[in-house]
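To start, the structure under review is shown below, and the notes come after it.
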Amino acid sequence: QVQLVESGGGSVQPGGSLRLTCTISGIDVPIYAIGVMAWYRQAPGKERELVASIFRGGSAYHADSVKGRFTISRDNAKNTLNLQMNSLQPEDTAVYYCSADHREKYWGEGTLVTVSE
């Protein structure tokens with residue numbers, strides 16, 4: 001059974017940083033062979049939106065709203081997906097979800113990030 005578990009969320013002041021980690025288990029391929037892995041977020045009262053994604057070949061995409069502040073990366077040895085978030089702003093407050101596309105789309109349960117004074 002494929003499982004994705006996010007960690008690293010918490011509360012931080014504007015301008016601060018957090019690093020999210022998604023650990024994947026139960027999948028039959030190495031993390032670098034997964035077609036697409038991504039971070040999404042859902043703020044209160046809003047639709048879930050794509051934040052960043054990384055593809056099998058290693059190329060990455062970042063949404064305009066986080067470009068230059070967030071960086072998605074993959075640790076093949078640890079089988080983890082990471083999201084380094086710098087210069088956090090109140091509008092980044094959301095539940096952050098990890099996903100993996102491998103024959104079907106798998107989701108984690110999410111981790112809450114709160115940015116406030």
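The values are calculated or read from the model by the stated rules, or taken from the named source; none is laboratory data. Quick caveat, the model's predicted, so the values are computed rather than measured. Every residue, glycine as well, gets a Cβ built from its backbone with ideal geometry; the counts of neighbours run over all protein chains shown.
Structural remarks
- Condition broken by Pro44, with the remaining ones in (1) at pLDDT below 95; (2) farther than 20 Å from Ser11 by Cβ; (3) of a type outside the set (D, E, K, R) satisfied: (2)
- Looking across Gly9, Gly26, one residue alone is touching a strand residue (DSSP E or B) at 6+ places or on another chain (Cβ under 9 Å), modelled with pLDDT of 95 or more, small (Gly, Ala, Ser) and farther than 12 Å from Ser99 by Cα. It is Gly9.
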